[in-house]
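The values are calculated or read from the model by the stated rules, or taken from the named source; none is laboratory data. This is a predicted model, so every value here is computed, not measured. Quick reminder, even Gly has a Cβ in these numbers, built from the backbone with ideal geometry, and neighbours come from all protein chains shown.
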């Protein structure tokens, strides 16, 4: 059926009138997903996806949260999935953070007086960290799966960083190479699903986007000593995409009294998409970590 003339369309040609979305401060339409439990939710969990992917890839994780009577919600970041914007491009990394706070505020208005948790993977981990730093007293906890806290030293050597800054002035859209899909998971089926997913951006990462990632890790490095909110960090020790040293650094530098670091032997980058035993362990860890931090009075008030 042809769309009405003038209708706002997703990059895939679907009218935003027919799909859940929010409109950010720049007037861009962002595709949203919500996973609601059958009973009154005990807490809200915002999920921030990683670079090049989309929030639909977190369905299994969100369903696990729903089983704990938690309401999970997410959106495709600007330039990702079914949201508007040039693919994997953003003028300022903070736009991702701003949009997350807007979405969270809207959900809190609908479901007031519930604790709010953040869950981020990879670049989404960096977004979750900076979102929590923006409002350090408003979140009940932050869960991070292989977060981007520092840049891989091979990909961000002093020479390459200097070269990227020069290229950003003259060739900002130059491709720096695509994400190696076989590094995402040890499960060949998951790698195949990633490669065939039409909502995943398989184009090379632009120089300008790489600069924004550098900005993000620089801000996180400055913020680490001031972090005092509860967090759980999970990382595979065979991760080739996000340096595991960043997770160790966050655990060591943050002043939080409630902090946990879990390392999974042999696991790759996307722990929630790795081998079944890793997925089960990660899901169990996340579920129990959240439930232990929901106020007892909240538990009693929920049916």
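In this structure, does residue 147 turn out to be out of contact with any helix residue (DSSP H, G or I) (no Cβ under 7 Å at 6 or more places or on another chain) and either crowded, with 19+ Cβ neighbours inside 10 Å or under 22 Å from residue 215 (Cβ atoms) (or both)? If you could, list the steps in order and put the result at the bottom.
Details: out of contact with any helix residue (DSSP H, G or I) (no Cβ under 7 Å at 6 or more places or on another chain): no; either crowded, with 19+ Cβ neighbours inside 10 Å or under 22 Å from residue 215 (Cβ atoms) (or both): yes.
Criteria not met by residue 147.
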*Which members of the range 252-275 meet the condition of being in contact (Cβ under 8 Å) with a residue 24 or more places away in the chain and outside any loop (DSSP other than H, G, I, E, B)?*
253, 259, 260, 261, 262, 263, 264, 271, 272, 273
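Confirm whether residue 81 is surrounded by 24 or more Cβ atoms within 10 Å (Cβ to Cβ), in contact (Cβ under 8 Å) with a residue 60 or more places away in the chain and farther than 20 Å from residue 131 by Cα.
yes
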*Mind listing whichever residues of the range 117-143 are more than 28 Å from residue 184 (Cα to Cα) and buried (at least 20 other Cβ atoms within 10 Å of the Cβ)?*
139
*Within the range 276-303, can you find the residues that are surrounded by fewer than 23 Cβ atoms within 10 Å (Cβ to Cβ), assigned to a helix (DSSP H, G or I), out of contact with any helix residue (DSSP H, G or I) (no Cβ under 7 Å at 6 or more places or on another chain) and at pLDDT 95 or above?*
276, 277, 280, 281, 284, 285, 288, 289, 290, 291
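On the basis of being more than 18 Å from residue 193 (Cβ to Cβ) and in contact (Cβ under 8 Å) with a residue 60 or more places away in the chain, does residue 41 make the cut?
On the way: more than 18 Å from residue 193 (Cβ to Cβ): yes; in contact (Cβ under 8 Å) with a residue 60 or more places away in the chain: yes.
Considered against the rule, which asks whether it is more than 18 Å from residue 193 (Cβ to Cβ) and in contact (Cβ under 8 Å) with a residue 60 or more places away in the chain, residue 41 comes out as yes.
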*Residue by residue through the range 53-66, note down the ones that are closer than 24 Å to residue 42 by Cα and touching a residue at least 60 places away in the same chain (Cβ under 8 Å).*
56, 57, 58, 60, 61, 64, 65
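Please return the ranges of helices (runs of 4 or more DSSP H) entirely within the range 109-224 where 2 or more residues are more than 20 Å from residue 97 (Cα to Cα) and at pLDDT below 95. Spell out how you get there, then give the answer.
On the way: elements: 123-134, 158-170, 188-196, 207-223.
Output list reads 158-170.
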*Under the condition of being in contact with a strand residue (DSSP E or B) (Cβ under 7 Å, 6 or more places away or on another chain) and more than 17 Å from residue 128 (Cβ to Cβ), which residue from the range 211-241 is surrounded by the fewest Cβ atoms within 10 Å (Cβ to Cβ)?*
237
